[in-house]
Amino acid sequence: MTENYRVAIVGAGSLRGKELNEALGESAFAAADFVLLDDASSLGKIEAVGDEVTVVQMVDPRSFDRADFVFFAGDQASTLKHWRSAARAGASILDLTYALEAEPDVLVRSPWVREELNGHSSGKANPDLKTPAIVPAHPAAVALALLLLRVKKVGAVSSAWATVLEPATEHGRAAMDELHQQTISLLSFQSLPKETYDAQVAFNLVPVLGEEAKVDLPGTEARIRRHYALLSGGKLPEVNVQLIHAPVFHGYGISLGVELEQPVSLEEIEAALTGEHVDVVLGDDDAPSNLSTAGEEDIMVRVRGDESGQRFWLWAAADNLKLSALNAVACALELRRLRPQGQVQ
């Protein structure tokens, strides 16, 4: 029963942590006992999870006592500092910061993609109670995998390429605040703050940031490719990915091009894409955008093709924090089914 679970969220005051709070409160974990944890900057803040109001506490090794699930949603340094304490407490660990993906036997997962691959593993192996941690796959990789998986159902894909437009919130509050301050500074003809990006990102699209940037754009691009490959397990088309930092606060935009080996109709592509987690916007409606998808659970996509019937362009948009949180909850639900069958704590 979910009311017997104890769930800890490390980084509960972060943007991703707040979104995770909301997603858990609307999930099968809503009746669980929640512990919200963070560093000194968020101590004492009051947050709601489901119908309960909880105070954010300082994280320490005892915070994980009797915890069944621990979500790390703050920064990588905090995850690396505390995850072993959570592991020793016997908790199932879900790392939304990606700090643990290089650790032995840690799995990158998206249950949504796995289910559509007919239950075949979308990674190295299936998780069990001895899996040290689960890294919910990067939201852009999840979106690309779902879209290409469904396109593949109507015909073999000979090539695919994607430009991913990344928002500031993907890198936390400091990145969002600096974009905001740069925008204000440019409009008032003042010097630009560059502590986070070491480059002008306001009113600017950039594929590369400054040498002193705290945001690792090439690292994120490599992560999207790596996670897509892990989700695919060799069963999805290869896709070339370029990541661009966009001057927006929230929401991914993805321009995905595909070329099929045989002609199909636009209606066939639209019908194949339609389904759980994906909302197809038809030609007469407004195109999806990072604004229209804010707060939405689905990936919104619009399709157009050329006269050949073999080349199609998909414009997709998604709420990056919402998608990340929902995928993390799906991963936790996958682990939840295992706990009653094995050694609980």
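The figures follow:
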read-out	value
Some residue of the range 95-118 being among the basic types (Lys, Arg), under 17 Å from Pro132 (Cα atoms) and surrounded by 23 or more Cβ atoms within 10 Å (Cβ to Cβ)	yes
The listed residue being closer than 22 Å to Thr293 by Cα and part of a loop (DSSP other than H, G, I, E, B), out of Pro237, Pro193, Pro247	Pro247
Lone qualifier among Ala287, Ala272, Ala316 - being touching a residue at least 24 places away in the same chain (Cβ under 8 Å), small (Gly, Ala, Ser), buried (at least 16 other Cβ atoms within 10 Å of the Cβ) and closer than 21 Å to Pro167 by Cα	Ala316
Check on Glu297, surrounded by 13 or more Cβ atoms within 10 Å (Cβ to Cβ), over 23 Å from Lys152 (Cβ atoms) and not assigned by TED's automatic domain parsing to the domain that holds Ser27	yes
Pair list, Cβ < 7 Å and 6+ apart or interchain, from the range 209-233 residues that are not assigned by TED's automatic domain parsing to the domain that holds Asp95 to residues that are surrounded by fewer than 20 Cβ atoms within 10 Å (Cβ to Cβ) and in a helix (DSSP H, G or I)	Leu209/Leu217
Count of the range 290-313 residues which are aliphatic (A, V, I, L, M), within 30 Å of Asn21 (Cβ to Cβ) and in contact (Cβ under 8 Å) with a residue 24 or more places away in the chain	4
Strands (runs of 3 or more DSSP E) (entirely within the range 61-148) containing at least 1 residues that are assigned by TED's automatic domain parsing to the domain that holds Glu276, hydroxyl-bearing (Ser, Thr, Tyr) and touching a residue at least 60 places away in the same chain (Cβ under 8 Å)	none
Pair list, Cβ under 6 Å, 6 or more apart: the range 238-267 residue not assigned by TED's automatic domain parsing to the domain that holds Val201 and surrounded by 19 or more Cβ atoms within 10 Å (Cβ to Cβ), other residue of a type in the set (Val, Ile, Thr) and not in a helix (DSSP H, G or I)	none
From the options Asp279, Asp285, residue that is assigned to a strand (DSSP E or B), acidic (Asp, Glu) and in the same structural domain as His171 (by TED's automatic domain parsing)	Asp279
Residue in the range 149-163 that is in a helix (DSSP H, G or I), among the basic types (Lys, Arg), closer than 25 Å to Val258 by Cβ and in the same structural domain as Gly234 (by TED's automatic domain parsing) present	yes
Of all residues making up the range 49-88, the number that are modelled with pLDDT under 90 and touching a Gly at 6+ places or on another chain (Cβ under 7 Å)	4
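The values are calculated or read from the model by the stated rules, or taken from the named source; none is laboratory data. Please read these numbers as outputs of a predicted model, since none were measured by experiment. A quick note on method: Cβ atoms are made from the backbone with ideal geometry, for glycine too, and the neighbour counts reach across all protein chains shown.
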